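I have placed the structure first, in the form of structure tokens, so that the comments after it can refer back to it.
The values are calculated or read from the model by the stated rules, or taken from the named source; none is laboratory data. Bear in mind the structure is a predicted one, so any value in this text is a computation, not a measurement. Quick reminder, even Gly has a Cβ in these numbers, built from the backbone with ideal geometry, and neighbours come from all protein chains shown.
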Amino acid sequence: MLIEKVRYELTQPIITSKAQIDSRDGWVVALDEGEYTGCGEILPLEGWSSVTMEEAYSQLLSYKHSEMSLPELSNEVQAAISLAIWNLEASKKGESLIEHLGGGADCVKVNALLDGSSQRNLRKGLESYRASGLSVFKVKLGFRDDQERLQLLSEIVREDEKIRLDPNGSWSLQYAVTFLDRVRKLLGDRLEYVEDPVANLEDLKKLRSIVPVPIAVDELSSSMNDLEAVIAENLCEYIVVKPSLIGGIDQTLKISSFAAKDNIQTVISSTYDGPIALTGWCAVAANVAPETTHGLGTADFFTNAQMRELIPEAGKVYFNLGSD
């Protein structure tokens, strides 16, 4: 197993209520078997990841030297290694990853991601993405001027476009009730969902009983036990899955299948992943939820040349279905 340090530069900082992201740093993992190779990557993201760069490297070395088994590793390291295994097995069979997964569409529909840098950039970004053919906009909230941003969205978003609001669990229950009541009045059917409006499932349950808006659950469902509770209590219409943070492809397939039994849609999302992981998650999304709009349109945040083929075209990311 080869381990190589990588850095992917961003075109500009990404600002969320949790952190400012200036670059993506981590490790590429390559597994070889004869003439065949499969790669994965881990890019720890402060504020989201459970491991640091150094901890990830230490775990990768422990796995390489058979000192730790795959289930003993952190979710992020598992995701990187399991992606490399999936890619290796696909390579050995002369298949693309999506073919190895069982097939799917040749593209995935994606939303635009609008960070929280400023209201001016919010307007500018939305108009730019609209011009490039995107019509579903995910907007980061959780800032002092959320009310003003909402008013701006109500004025510039068209009736045939959709908004996904994401405050990253930063709102109190009381604030969420007041804010989302205003969201309903100002956005109406243009609101597709609100992702993690509050910080815990108990508050989400209360919010759900007060304000009838579509909900997506992301970090509030960090385990299968949480997901089972969310589904049992009918707390969401969408489950947002970040493969890089939950263990990779196998866990994503498991969660998606479980959610689908209760008609909950799975949205696959990137943690500003590099080209190896982003390609992998696009293949998974095309396999498990080809009609859903996913959070995988992040390639244009990067200067890396490998990302260019993953930049959305008319609201879709296209990728090669053929085998190498």
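Inspect all residues belonging to the range 271-281 and state whether any of them is assigned by TED's automatic domain parsing to the domain that holds Phe137, among the hydroxyl-bearing types (Ser, Thr, Tyr), in contact with a strand residue (DSSP E or B) (Cβ under 6 Å, 6 or more places away or on another chain) and at negative phi. No, the conditions are met nowhere in the range 271-281. Restricting attention to the range 291-306, the residues being assigned to a loop (DSSP other than H, G, I, E, B) and either free of Cβ contacts under 8 Å to residues at least 24 places away in the same chain or out of contact with any strand residue (DSSP E or B) (no Cβ under 7 Å at 6 or more places or on another chain) (or both) number 1. When Glu35, Glu67 are checked against the criterion of being under 20 Å from Leu88 (Cα atoms), modelled with pLDDT of 95 or more and not assigned by TED's automatic domain parsing to the domain that holds Ala277, a single residue qualifies: Glu35. Here is the figure for the range 33-76: residues that are free of Cβ contacts under 8 Å to residues at least 40 places away in the same chain and over 17 Å from the mean Cα position of the chain (by Cα) total 21. Looking across the range 267-290, the residues that are outside any helix (DSSP H, G or I), touching a residue at least 40 places away in the same chain (Cβ under 8 Å) and surrounded by fewer than 24 Cβ atoms within 10 Å (Cβ to Cβ) come down to Thr271, Tyr272, Pro290. The residue of the range 1-43 that is surrounded by the most Cβ atoms within 10 Å (Cβ to Cβ), among those that are touching a Phe, Trp or Tyr at 6+ places or on another chain (Cβ under 9 Å) and not in a strand (DSSP E or B), is Leu43.
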